[in-house]
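Remarks on the structure that follows.
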Amino acid sequence: MDTPHTRDAVPPVAARQRTVRTLHGESVVDDYAWMRDRADPRLEAYLVEERAYYDRHARALEPLIDQLTAESAARRVTGAHTFTWRVGAHEYSIAVPDGSRHPRYLRRDTRTGLEEIVLDLDVLGAGRDFTRIGVFEPSPDGTVLAYSVDHEGHESYELRFRDLRTGQDLPQRRAGTYYTGAWSADSATFLYVAHDHAMRPYRVLAHRLDARPDTADREVSREDDEHFNTTVRTTRDRAWIVLSHQSRTTTEELLVPADRTGAAPRVVRPREHGRVYFTEHQSTPSGDRFLLLTASGREERRVLAAPAAALAEQRWEQLLVSDPEVAWSRLDVFAAGLLLSGHRRGTMVFQLVTAGGEVREIAPTTPAGCLVFEGRRDPTRVQLDHRVAYDSEFIVLTEHSLVDPPRHLRLDLGTGRCTVLGQDTVDAYDRRRYRTQRLVAKGPDGVEVPVTIAHRDDVEPDSTAACLLYAYGAYERPWEPVFSAPVISLLDRGFVYAVAHVRGGGELGRRGWFDGSMDAKRNSHRDLVTARSRLVELGWAAPDRMVCQGSCAGGIVVCEAYTQQPELWAGVVAETPAADILNVMLDAVAPLTVNEWEEWGDPRDPRTYRLMREYVAYETVSDRPRPPLYMTAFFNDPRVMVDRPARWTAALRRVDTHGNRILLRTELGAGGHHGSTVAARVARGTAELYAFVVDAGGAAARAGRGPARADAESPR
């Protein structure tokens, strides 16, 4: 991306306004704190300049960007199986017709076979650049759809109700709502979640369809402790509505009968700091019972059960003990049995416990593959966790790898047998030309870091290949190696693509999350460098052609890599990076802050403050030669607000005397944390990012740099 006509481009200079932060006996000058005021006209003006500067650099790679865009479009994926879910007498599905910008929600009447469009997002979003659905909940009787929509990207949704007999929306609308919702058994009342000024979901409200439009909705539950977020759902059998109040380390759930939504909520287990749990309901020959998937502290999760009639007595019986080798993260309850899913040493596994007590384990058969329970989320990010019916005799699992398109498996819940339903096909793609495998990298502290890699079949471990190394490592969220058509374009250019399953994510279990969060956060970066060292040691990557990538919370990891050990990298990609997590955690009114003290730590504590001062990118800005940096940001992002990458960019530019290439690609229009909802824009943005990666990985070799220093191969 560095050509003669871009070398002379003058980077923008942000306005400086002195602000002093004094804390724990230390005063720190911040010249760009003013950017935290999104209404300040100087911010948008600066971002426009940065985007223009980025666009001038991107023009040098337009032929490659066009080629990558075309390659991705040519690899059209045709599904071998369409996910459907049943509510009452109707079967629902989602489709994206050719030529459409957005999906359509469809349904089929199982009695008559009649098919119809329930919600067409092209129509809903006509004339708009962004349309995303937050809630999509058909009523049990099939007459009304509760749905919510966001046209800006702020993730503050307007809740609406559509009469499915007429196709017209009812007059009642509710602004300021968040994800999740649940219907009463009689389809007369809908429970939903509202957020506060800091975008924290904290109230559950009940709306009656027969109420006058100006009637206030009844408050069912309110969570005033700002450490907690609130969601609402039904149990899979739809007998109970669950009001869940969750912090990062503690859970309290309340139950309301779906057939009596006016009843006072009942506590499942009183909150106890450090104990998390998830509640489900099951009917058995010996009576109804509640099941909990639960853990305290660093232990892995176990399963408890208690009779529904004796819930107040808290007589919990252990059905499944915790296993330090298996990190169960999810429990799905069906009439036919229990399905647990989680990770064993970094690999996704399922365990089925049938109604007869038989235990079957289901693991990926594809090397370095992963299994996913279909129906957890659809392509528009609507929650589908409980759409598979309680009385289902089978469910569909999908098996992926970095180079294998999705293969759909029908799991019989009574026997545990899997039957292949089919595999998605990909145009212009020959699976035989690619390989994937799982490696293990051992760090100085003895922790084994799984690393999943993919490459073209003619790429050998001869220390010449460029490599893109991805890491996330946060929120106990696993980062599964799923198939992605754009990644194949990197492999076709001789790259090795790798995913480092670092601590802080969910692949290494609950202990792995604890060891990569709060005051142990730097372990995520150490694991990234451990993975890099292993790839170099085994010859899968040239030491001077390594590019690292992280998004959102993963941006913290790669921003530290850019700041602390720039000599290890040929390029760094930071998508919507949380580059200033210290100042964010000091701003208690900012979205997500209080809830996330148990993820990143609370810098009001002197020890946590000192630790953050050592690794947070915005706190450790210095002048030294650094690899090219590619950042993305979205003006309306409510999670990683645009000022965070913007302030870091401005601070890096101010001290730079080496001509480091620093690029900030900001989307200034509608669009939120997850980017655009228009597929063509998403594809173009991905192509621009990968063009940067190809250029950075190749530029290092063309520049003739020698190998990285030997002492840089070990994590600090």
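Of note:
- Residue 191 vs. criteria closer than 18 Å to residue 135 by Cα, part of a strand (DSSP E or B), more than 31 Å from the chain's Cα centre (by Cα) and not assigned by TED's automatic domain parsing to the domain that holds residue 588: no
- Filter pass, residue 368 being assigned to a strand (DSSP E or B) and touching a Lys or Arg at 6+ places or on another chain (Cβ under 8 Å): no
- Among the candidates 14, 89, residue that is farther than 30 Å from residue 427 by Cα, out of contact with any helix residue (DSSP H, G or I) (no Cβ under 8 Å at 6 or more places or on another chain) and either among the β-branched types (Val, Ile, Thr) or surrounded by 13 or more Cβ atoms within 10 Å (Cβ to Cβ) (or both): 89
- Residues that are buried (at least 21 other Cβ atoms within 10 Å of the Cβ) and in a loop (DSSP other than H, G, I, E, B), drawn from the stretch 224-270: 228, 235, 236, 247, 258, 261, 268
- Cross-chain or 6+ apart pairs with Cβ under 9 Å, the stretch 193-222 first and among the acidic types (Asp, Glu), then assigned to a loop (DSSP other than H, G, I, E, B): 196/226; 210/188; 217/211
- Every listed requirement among (1) more than 20 Å from residue 272 (Cβ to Cβ); (2) not assigned by TED's automatic domain parsing to the domain that holds residue 250 is met by residue 331 save one, (1).
- Test: residue in the stretch 134-153 that is outside any helix (DSSP H, G or I), aromatic (Phe, Trp, Tyr), under 30 Å from residue 212 (Cβ atoms) and in contact with a Lys or Arg (Cβ under 8 Å, 6 or more places away or on another chain): yes
- In the stretch 357-394, the residues that are at pLDDT below 85, surrounded by 20 or more Cβ atoms within 10 Å (Cβ to Cβ) and touching a Gly at 6+ places or on another chain (Cβ under 6 Å): 387
- Of all residues in the stretch 553-573, those that are under 21 Å from residue 516 (Cα atoms) have Cβ atoms under 6 Å from Cβ atoms of residues that are hydroxyl-bearing (Ser, Thr, Tyr) and surrounded by fewer than 24 Cβ atoms within 10 Å (Cβ to Cβ), 6 or more apart or on another chain, in 560/615; 563/620.
- Per the listing 177, 82, the residue uniquely over 26 Å from residue 373 (Cβ atoms) and either modelled with pLDDT of 95 or more or assigned to a loop (DSSP other than H, G, I, E, B) (or both) is 177.
- Residue in the stretch 315-322 that is among the aliphatic types (A, V, I, L, M), touching a strand residue (DSSP E or B) at 6+ places or on another chain (Cβ under 9 Å) and at pLDDT 95 or above present: no
- Some residue of the stretch 572-589 being under 23 Å from the mean Cα position of the chain (by Cα), farther than 28 Å from residue 32 by Cα, crowded, with 21+ Cβ neighbours inside 10 Å and acidic (Asp, Glu): no
- Condition check for residue 173 on (1) surrounded by fewer than 20 Cβ atoms within 10 Å (Cβ to Cβ); (2) over 30 Å from residue 589 (Cβ atoms): one failure, at (2).
- Residue in the stretch 488-499 that is in contact (Cβ under 8 Å) with a residue 24 or more places away in the chain, assigned to a loop (DSSP other than H, G, I, E, B) and polar (S, T, N, Q) present: no
The values are calculated or read from the model by the stated rules, or taken from the named source; none is laboratory data. Model, not experiment: these values are computed from the prediction. Virtual Cβ from ideal backbone geometry, glycine too; neighbours counted across all protein chains shown.
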